[in-house]
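The values are calculated or read from the model by the stated rules, or taken from the named source; none is laboratory data. Remember, it's a predicted structure, so these values are computed and weren't measured experimentally. As a convention, Cβ positions derive from the backbone with ideal geometry for all residues, glycine included, and neighbour counts pool all protein chains shown.
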Amino acid sequence: MKLVFQDPAFSYQLVRAIGHTYYGGADIGECLSIAHRIKEADFESWYEEWLKTADRICEIANNCLADGHRVSARETYLRASMYYRSAEFFLHANLTDPRILETWGKSHDCFARAAQFFPFPAEAVEIPYEGTTLPGYFFLVDDSGTPRPTLILHTGFDGTLEELYFDGAAAALRRGYNCLAFEGPGQGRVIREQKIHFRPDWEKVVTPVVDYALTRPEVDPNRIALMGLSFGGYLAPRAAAYEHRIAACIANGGIFSVFEGMAAHSQESPEDLKEYLMQNPSDFDDEMIEMAKSNTQLRWAIQQGMWTFGVASPHEWMLKYIDYTMRGIADKITCPTLVCDSEADRDFPGQARKLYSALICPKEFMFFTSEESAGEHCQVGASALSHQRIFDWLDKTFAEIDQ
């Protein structure tokens with residue numbers, strides 16, 4: 001899907017931003033106005049135009065709050081939060097750039113202000129994790145204390161905690177689920193402030209989150225679901241393979257082997273690519289840097305990957321991915337698992353089907369098409385259909401558990 005931009009990365013990120021409109025995280029006219037002012041494939045222009053609108057919307061929110069218009073303040077802070085998120089997205093070439101923390105911080109703060117005025121409890125939480133904490137939000141259907149089915153939700157390669165409200169938490173709440181959304185290593189605050197990088201053994205991340213969830217009386221311990229988005233389509237199944245208190249797992253979109261998925265973009269087999277990386281690391285780096293000059297998506301991915309995996313070169317980043325595989329692990333998942341795939345997903349082609357085929361637990365494969373407007377990676381721009389189908393599956397799955 002191309003929208004405004006010819007550049008695929010810019011077009012996709014615009015659709016992603018506009019997609020938040022469904023839950024109040026954007027307005028279509030504002031997003032289109034921003035997009036038409038951005039220079040094609042220009043990271044600085046992207047930052048400047050999203051920032052201008054984010055600052056303007058944030059000021060409106062501040063005025064609404066000062067005048068006692070709490071609903072207007074909430075709605076406006078939500079949009080400002082997501083516009084700041086979009087502004088910060090392509091800034092990671094220079095990790096000393098102060099705008100990274102500043103702009104991300106504004107997104108974080110605007111969402112926190114909005115959350116004060118949600119018509120349901122939205123509690124910022126700190127989850128104990130290996131001598132530090134992971135940030136989260138515990139979104140509750142109500143303040144009754146009633147134990148309810150609970151969705152544990154995390155993002156993937158580049159999302160943030162605040163965005164998770166629009167990517168699953170709001171849909172869960174509407175259907176009677178509590179939602180515990182969190183950021184792990186390599187994500188959001190954890191990479192920006194705590195400087196903790198991704199790790200392949202994601203069960204070591206999810207188990208403390210489940211431990212925390214079970215301290216909450218609002219959580220039904222027999223109906224805890226885990227959903228991972230994008231790169232989280234590897235992370236969540238990996239965690240579910242070892243954390244058997246998870247009663248249902250959702251991988252959107254599913255990934256069997258991250259390295260094999262990346263190798264699919266090259267002309268070489270995974271085995272040959274691995275050998276080339278080991279034997280010719282400098283040549284690979286030079287090739288990637290040259291290609292990235294004319295490929296916005298690759299340029300961003302290299303910058304994001306080196307940062308979040310804590311390496312200094314493209315070949316080191318690629319080699320890190322070898323450990324991110326479900327080979328010999330997928331058959332350890334015992335809970336019902338939903339694997340999602342999207343027709344036009346360019347990130348990990350074929351990986352969702354491979355994950356699904358490797359599972360021996362109760363499973364379902366859910367395919368989203370471009371004809372139904374849901375063919376993009378993680379169905380961005382099609383939240384209504386995506387969440388309807390995913391949560392209908394979860395409703396059915398938990399109903400069967402209760403029988």
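Considering only residues in the stretch 164-188 that are under 14 Å from G232 (Cα atoms) and of a type in the set (D, E, K, R), the one that is surrounded by the most Cβ atoms within 10 Å (Cβ to Cβ) turns out to be D167. Scanning the stretch 148-177 for residues that are among the small types (G, A, S) and either assigned to a strand (DSSP E or B) or closer than 28 Å to P200 by Cβ (or both) yields a total of 5. Among the residues of the stretch 255-267, are any over 25 Å from F43 (Cβ atoms), without any contact (Cβ under 8 Å) to a residue 12 or more places away in the chain and exposed (fewer than 14 other Cβ atoms within 10 Å of the Cβ)? Yes, because at least one residue in the stretch 255-267 is over 25 Å from F43 (Cβ atoms), without any contact (Cβ under 8 Å) to a residue 12 or more places away in the chain and exposed (fewer than 14 other Cβ atoms within 10 Å of the Cβ). Of the residues making up the stretch 268-290, those that are within 19 Å of Y324 (Cα to Cα), surrounded by 14 or more Cβ atoms within 10 Å (Cβ to Cβ) and aliphatic (A, V, I, L, M) number 2.
Yes/no per residue for (1) in the same structural domain as R238 (by TED's automatic domain parsing); (2) out of contact with any helix residue (DSSP H, G or I) (no Cβ under 9 Å at 6 or more places or on another chain):
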| site | (1), (2) |
| --- | --- |
| A312 | no, no |
| E316 | no, no |
| P336 | yes, no |
| P349 | yes, no |
| K363 | yes, no |
| A382 | yes, no |
| D402 | yes, yes |
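Can you tell me which residue is nearest to R99 (Cα to Cα) among those in the stretch 1-58 that are without any contact (Cβ under 8 Å) to a residue 24 or more places away in the chain and assigned to a loop (DSSP other than H, G, I, E, B)? Filtering the stretch 1-58 for residues that are without any contact (Cβ under 8 Å) to a residue 24 or more places away in the chain and assigned to a loop (DSSP other than H, G, I, E, B), the one nearest to R99 (Cα to Cα) comes out as D42. The residue list G145, G68 contains one member that is more than 30 Å from A292 (Cα to Cα), in the same structural domain as L14 (by TED's automatic domain parsing) and assigned to a loop (DSSP other than H, G, I, E, B), which is G68.
Taking helices (runs of 4 or more DSSP H) as the structural unit, those lying wholly within the stretch 249-342 and holding at least 1 residues that are closer than 18 Å to G233 by Cβ, at pLDDT 95 or above and among the hydroxyl-bearing types (S, T, Y) correspond to 296-309.
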